[in-house]
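The values are calculated or read from the model by the stated rules, or taken from the named source; none is laboratory data. Note that this is a predicted model, so its numbers are computed, not measured. For neighbour counting, all protein chains shown are included, and Cβ atoms are generated from backbone atoms with ideal geometry for every residue, glycine included. Surface areas here come from the heavy atoms of the whole protein model, side chains and all, with no ligands, DNA or RNA. Shrake-Rupley method; radii C 1.70, N 1.55, O 1.52, S 1.80 Å.
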Amino acid sequence: MRKVILIVLHFCLYASYSQKIDLAITNCNVITLKENAILKNKTILISGSSIIAVVNSSSWKNSSNTTVLDATGKYVIPALTDMHVHLNPFMDKYSLPLFLKYGITTVRVMAGNDQVLQKRDSINKKLLRNSPDIYSASELIDGNPPSFGKDHSGPIVTSESDIEKIIYEQIKKGYDFIKLYSRLDENSFRKGLSYAKKQGFKVAYHIPVTLQKQHFFDINGGEIEHLSGYSRYASKLDSLPKKILLKNYDVPFDEISAKDIDFNKLNDAVRKTVAYNIWNCPTLVLFYNQTDEVFCKSILKNKIGDGLDGLLGWWSSVGYGKKENVITYIDFQKKTVALLHKNNAKILAGTDFPNPWLVPGLSLHQELERMVDAGLTNYEALKTATVNPAEWFGKNYNKGTVEKNKQADLLILNENPLLDIKNTQKIHKVVYKGEVQ
């Protein structure tokens with residue numbers, strides 16, 4: 001009887017691998033991200049761009065022309081996703097390959113345009129290589145006057161009656177989701193959220209500066225960028241300088257608000273966030289990196305990469321150092337993420353590249369460090385750049401875990417990231433769509 005069982009098992013094993021195996025990553029430790037565990041001495045079998053099996057290394061023998069990548073002692077995790085970036089046609093040629101180099105095989109662009117759509121579609125059609133997959137927000141939809149003045153290139157809503165038509169036109173252009181911005185009036189903002197969701201489109205947004213505090217977090221679904229609105233909601237300050245509202249947009253508004261926080265109000269904001277199923281992409285590195293003087297000086301000394309030196313002039317003009325208001329806001333952000341996490345709110349890892357001191361690719365690894373510093377375990381931090389993005393994108397997004405039928409986007413590490421989150425930067429190889437980069 002035992003012999004019959006062994007024959008059946010052998011046949012099933014053979015049947016599973018009867019399709020051509022193009023790549024086998026052997027003898028590795030797999031962190032699938034489906035569970036907080038390490039599967040030791042496994043072999044990952046890849047056909048084309050898909051994982052077809054994760055098996056015990058002892059059970060697989062190479063009997064074909066399979067390429068074998070020996071990963072003895074290495075750790076394999078899903079490749080990472082940066083859920084908040086911006087692209088620029090003058091930099092993309094140099095920045096997109098850096099994302100891949102650091103194991104980021106998907107970027108979510110937060111202000112779309114025709115060039116971004118063309119690039120996304122070229123990647124999907126395999127006409128453009130050496131770039132991560134791209135998902136794009138609509139053009140930035142803002143109120144009048146827009147936050148960035150003459151530099152604003154997206155639709156401007158001058159009347160509540162315009163918002164549905166504007167969103168409909170953005171959907172027709174082929175964008176993946178909608179982005180609403182901080183100078184929209186309250187009625188247009190709410191109407192836009194409702195309309196987009198009825199059309200089956202997700203919405204990412206900044207909490208508009210015109211929105212009444214009591215309504216910041218009573219919005220079903222959607223996603224808040226940069227923790228916009230939390231400090232304003234929880235601030236003890238009765239009023240904020242009007243010139244901030246008139247001159248700029250919500251970020252400095254939030255910075256000033258963080259100086260004096262009522263933590264009962266902050267807890268209430270977090271409670272509502274969870275109750276209304278609101279996602280957050282905190283982009284903690286956006287503020288933190290500019291306070292890390294050692295890191296900033298190192299970037300100035302060692303450069304970034306071919307073709308990206310031009311960024312350094314801009315970043316240097318902004319400066320770096322431990323400014324009091326920024327330090328206060330960083331501390332507030334850390335406490336807010338800790339509360340969100342403690343209450344099981346949904347969190348995504350993003351960076352806001354190319355803003356100052358955010359190196360493409362590297363900055364996402366630094367964001368994971370900031371997540372851990374805010375109280376997430378290493379495993380939970382990894383999920384913000386893998387499993388959670390997969391949940392946000394939905395069933396058509398075939399990444400985020402290491403398992404059968406998932407796209408073979410993998411990060412092979414020299415050290416265990418569950419022991420030290422900085423080990424995500426100790427990269428041995430990146431696999432993208434089944435190909436070793």
**Request:** With a point put 7 Å past each Cα toward its Cβ, work out how far R271 is from T291 in nm, to one decimal.
**Result:** 2.9 nm
**Item:** Exposure rank, largest accessible area first [K119, K101, K236; 1.4 Å]
**Value:** K101, K236, K119
**Fill in**
Applying the gyration tensor rule to the Cα atoms of region 137-181 (axes a ≥ b ≥ c; rounded if a/c under 1.5, else prolate if a/b exceeds b/c, else oblate), the class is oblate
**Complete:** Contact order relative to length for region 253-361, counting C-alpha pairs under 8 Å separated by 6 or more residues, stands in percent at 47 percent
**Request:** List, largest first, the extents of the alpha carbons of region 255-325 along their principal axes, each in whole Å.
**Result:** 46, 27, 17
**Kirkwood-based shape ratio for region 268-388, expressed as Rg/Rh from alpha carbons** = 1.01
**Prompt:** Per 10 Å bin, what is the whole-percent P(r) computed from every C-alpha pair distance within region 72-227?
**Reply:** 10, 37, 31, 16, 4, 1, 0
**Asked** Once the other residues with Cβ under 15 Å from the Cβ of S47 are scored (Lys, Arg +1; Asp, Glu -1), what is the net sum?
**Response** 0
**Cα shape, region 317-404, gyration tensor, a/c 1.5 rule** = oblate
**Asked** Per-residue ellipticity at 222 nm for the chain, helices alone: DSSP H runs ≥ 4 residues times -39500 (n - 2.57), over residue total, nearest 500 deg cm²/dmol?
**Response** -10500 deg cm²/dmol
**Message:** What is the angle, in °, between the Cα long axis of helix 92-101 and the longest principal axis of the Cα atoms in the chain? Nearest 10 is fine, range 0 to 90.
**Reply:** 50 degrees
**Item:** Nonlocal amide H pairs with H84, under 5 Å, H built at 1.01 Å
**Value:** R108, T351, D352
**Prompt:** So which residue, out of S161, S136, S57, gets the largest mean-square fluctuation from a GNM of the chain using Cα contacts under 10 Å as springs?
**Reply:** S161
**Item:** region 17-94: trypsin sites (Lys or Arg not before Pro) in DSSP coil with no more than 16 other Cβ atoms inside 10 Å
**Value:** K20, K34, K61
**Prompt:** To the nearest 0.05, what FRET efficiency results for N187 and L419 with a Förster distance of 35 Å applied to their C-beta separation?
**Reply:** 0.10
**Prompt:** How far is it, in nm, from the label point at V436 to the one at F148 when both lie 7 Å from their Cα along the line to the Cβ?
**Reply:** 4.1 nm
**Message:** If you scale each eigenvalue of the Cα gyration tensor by 5 and take the root, what three semi-axes come out for region 364-437, rounded to whole angstrom and sorted largest first?
**Reply:** 21, 17, 9
**Fill in**
Helix 2-16 sits off the longest principal axis of the Cα atoms of the chain, rounded to the nearest 10 on a 0 to 90 degree scale, by 50 degrees
**Message:** Compute, for the chain, the length of the dipole vector about the Cα centre, with Cβ point charges of +1 (Lys, Arg) and -1 (Asp, Glu) only. Units Debye, rounded to 20.
**Reply:** 1160 debye
**Message:** Report the gain in length on full extension from L127 to S59: 0.36 nm times residue separation, minus Cα-Cα distance, nm rounded to one decimal.
**Reply:** 20.7 nm
**Prompt:** Which residue, chosen from I25, G192, A390, occupies the Cα position most advanced towards the positive end of the dipole of the chain, where the dipole is computed from +1 (Lys, Arg) and -1 (Asp, Glu) charges on Cβ about the Cα centre?
**Reply:** I25
**Note, ³J(HN,Hα) from phi for region 343-359, Karplus 6.51, -1.76, 1.60, rounded to Hz, x at Gly and Pro** = 9, 6, 6, 8, 10, 10, 8, x, 10, 6, 3, x, 4, x, 6, 10, 6
**Complete:** The answer for region 217-365, accessible area per residue at 1.4 Å probe in Å², is 42 Å²
**Prompt:** What percent does the relative contact order of the chain come to when contacts are Cα pairs within less than 8 Å and at least six residues apart?
**Reply:** 19 percent
**Message:** Tell me whether region 54-125 comes out rounded, prolate or oblate; compute the Cα gyration tensor, take square roots of the eigenvalues as a ≥ b ≥ c, and use a/c under 1.5 as the rounded threshold.
**Reply:** prolate
**Asked** Given H placed on each backbone N at 1.01 Å, which residues far from T105 in sequence or on other chains put an amide H within less than 5 Å of it?
**Response** L80
**Prompt:** For D22, what is the net charge nearby, where nearby means another residue's Cβ is under 14 Å from its Cβ and Lys, Arg count +1, Asp, Glu -1?
**Reply:** +1
**Complete:** With all protein chains present and a 1.4 Å probe, the order of I330, I141 from largest accessible area down is I330, I141
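So if R0 is 56 Å, what FRET efficiency would A338 and K20 give, r being the distance between their Cβ atoms, rounded to the nearest 0.05?
Details: r = 48 Å, r/R0 = 0.86.
FRET efficiency, A338 to K20: 0.70.
Given a 1.4 Å probe and every protein chain left where it sits, what share in percent of the accessible area of the chain is carbon and sulfur?
49 percent
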**Unit charges at the beta carbon, dipole of the chain: most positive-side option, I421, I51, T66** = T66
**Asked** What dipole magnitude, in Debye to the nearest 20, does region 169-292 give about its Cα centre under +1 on Lys/Arg Cβ and -1 on Asp/Glu Cβ?
**Response** 420 debye
**Complete:** So the angle from the long Cα axis of helix 186-198 to the longest Cα principal axis of the chain, reported in degrees to the nearest 10, equals 30 degrees
**Message:** Going by amide H atoms built from the backbone, whose H comes under 5 Å of the H on K202, apart from near neighbours?
**Reply:** I178
